[in-house]
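Trainee: Just passing along the structure, written as structure tokens.
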């Protein structure tokens, strides 16, 4: 799929193996989500435009490029997306932060929106959405629609694990949004969980089960 970038790297596969293991504890799980989020952000920023700048090194003046960090916003989808936030902030520390609150209705499997707060001038920023799991694609598409209704023109979606069904759903409704994922898994089961997956990312990040 043209709008999907999957990280293919031995270190990522190694970290995912630990992340998937049901014996991995909350502390290590949380740290791995943060690390992989950072790697995803590096990949997503490959097309970043730098502005010309002149700095003074200890030896001389030097013409270089610098990122205008104010042009970027990170928006985690609550609550699991918060687990990726520290990792991406370490890449662009001065990016603005917003939040979108959603939960999945256990009967319909559809996302329910309950919170939406974004920085001022969001329509002029490149927005990077964060959610560890892209399952049905419902939450992703709802979040993208909310942002587009605010005038946002450039959106990227970062996730740890993606299901083919979720990728298809995003590509169908939002072909202009690139999805960056650490791994594309096999399928969704009857309860709409990603297989082989890693369980409920929110519960494992926050230790609620």
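Every number here is computed from the coordinates shown, using simple stated rules; none is lab data. As the structure is a computational prediction, the values presented were derived from the model and not from experiment. Heads up, the Cβs are rebuilt from the backbone with ideal geometry, glycines too, and the neighbour counts pull from every protein chain shown.
Trainee: Could you put 68, 131 in order, starting from the residue whose Cβ has the fewest other Cβ atoms within 10 Å?
Mentor: On the way: 68 12, 131 28.
By the 10 Å Cβ count, ascending, the order reads 68, 131.
Trainee: Have a look at 95, 17, 73 and tell me which one the Gaussian network model of the chain (Cα, springs below 10 Å) gives the largest fluctuation.
Mentor: Fluctuation is largest for 17.
Trainee: If you take the C-alpha gyration tensor of the range 49-168, multiply each eigenvalue by 5 and take the square root, what semi-axes do you get, largest first, in whole Å? Don't skip to the end; give the middle numbers.
Mentor: Numbers: eigenvalues 220, 43, 29 Å².
For the range 49-168, the semi-axes come out at 33, 15, 12 Å.
Trainee: Report the antiparallel proportion of the DSSP beta bridges in the chain as a percent, rounded to a multiple of 5.
Mentor: Numbers: 14 of 39 bridges.
So the antiparallel bridges in the chain amount to around 35 percent.
Trainee: In addition: From Cα pairs below 8 angstrom and at least 6 apart in sequence, can you work out the relative contact order of the chain, rounded to a whole percent? Could you put the intermediate results ahead of the total?
Mentor: Working: 400 pairs, mean separation 49.6, N = 209.
Worked out over the chain, it gives 24 percent.
Trainee: Shifting gears a bit: Can you sort 118, 170 so the residue with the fewest Cβ neighbours within 10 Å comes first? All intermediate terms of the calculation are to be shown ahead of the outcome.
Mentor: Working: 118 20, 170 23.
Ascending Cβ contact count within 10 Å gives the list 118, 170.
Trainee: To continue, here is another question. Where does helix 164-173 land angle-wise versus the long Cα axis of the chain, in degrees 0 to 90, nearest 10?
Mentor: 60 degrees
Trainee: Right, another one. Could you work out, for the range 1-104, what percent of all Cα-Cα pairs fall into each 10 Å distance bin, beginning at 0 Å and stopping at the bin that holds the largest distance?
Mentor: Cα pair-distance distribution for the range 1-104, in percent: 12, 34, 33, 15, 6, 1.
Trainee: Starting from the 7 Å offset along Cα-to-Cβ, what nm value, one decimal, do you get for the label separation of residue 86 and residue 187?
Mentor: With each label placed 7 Å out from Cα toward Cβ, I get 3.7 nm.
Trainee: Could I get the Rg over Rh figure for the chain? Both from C-alpha atoms, Rh via Kirkwood, rounded to two places. Write out the running numbers ahead of the final one.
Mentor: On the way: Rg = 17.5 Å, Rh = 17.6 Å.
Radius of gyration relative to Kirkwood radius: 0.99.
Trainee: Have a look at 107, 71, 117 and tell me which one the Gaussian network model of the chain (Cα, springs below 10 Å) gives the largest fluctuation.
Mentor: 107
Trainee: Also: I need 33, 161, 18 ordered by Cβ neighbour count within 10 Å, fewest first. Could you put the intermediate results ahead of the total?
Mentor: Values: 33 26, 161 23, 18 14.
In increasing order of surrounding Cβ atoms, one gets 18, 161, 33.
Trainee: A further question follows. To test your reading of the geometry: what angle, between 0 and 90 degrees and rounded to tens, separates the Cα axis of helix 10-20 from the longest principal axis of the chain?
Mentor: In the chain, helix 10-20 runs at an angle near 40 degrees to the longest axis.
Trainee: Can I ask one more? Could you let me know the centre-to-centre spacing of the range 62-117 and the range 135-151, using Cα atoms, in angstrom?
Mentor: Comparing the Cα centres of the range 62-117 and the range 135-151, I get a distance of 13 Å.
Trainee: Just grab the label-to-label distance for residue 124 and residue 176, each label 7 Å out from Cα along the Cβ direction, in nm (one decimal).
Mentor: 1.9 nm
Trainee: In addition: Compute the acute angle (0 to 90°) between the alpha-carbon long axis of helix 138-149 and the principal axis of greatest extent of the alpha-carbon atoms of the chain; round to the nearest 10°.
Mentor: The two axes meet at around 40 degrees.
Trainee: Then there is this: So how much slack lies between residue 114 and residue 38, counting 0.36 nm per residue of separation and subtracting their Cα-Cα distance, in nm?
Mentor: Details: separation 76, 0.36 × 76 = 27.36 nm, distance 2.72 nm.
The span from residue 114 to residue 38 would gain 24.6 nm if fully extended.
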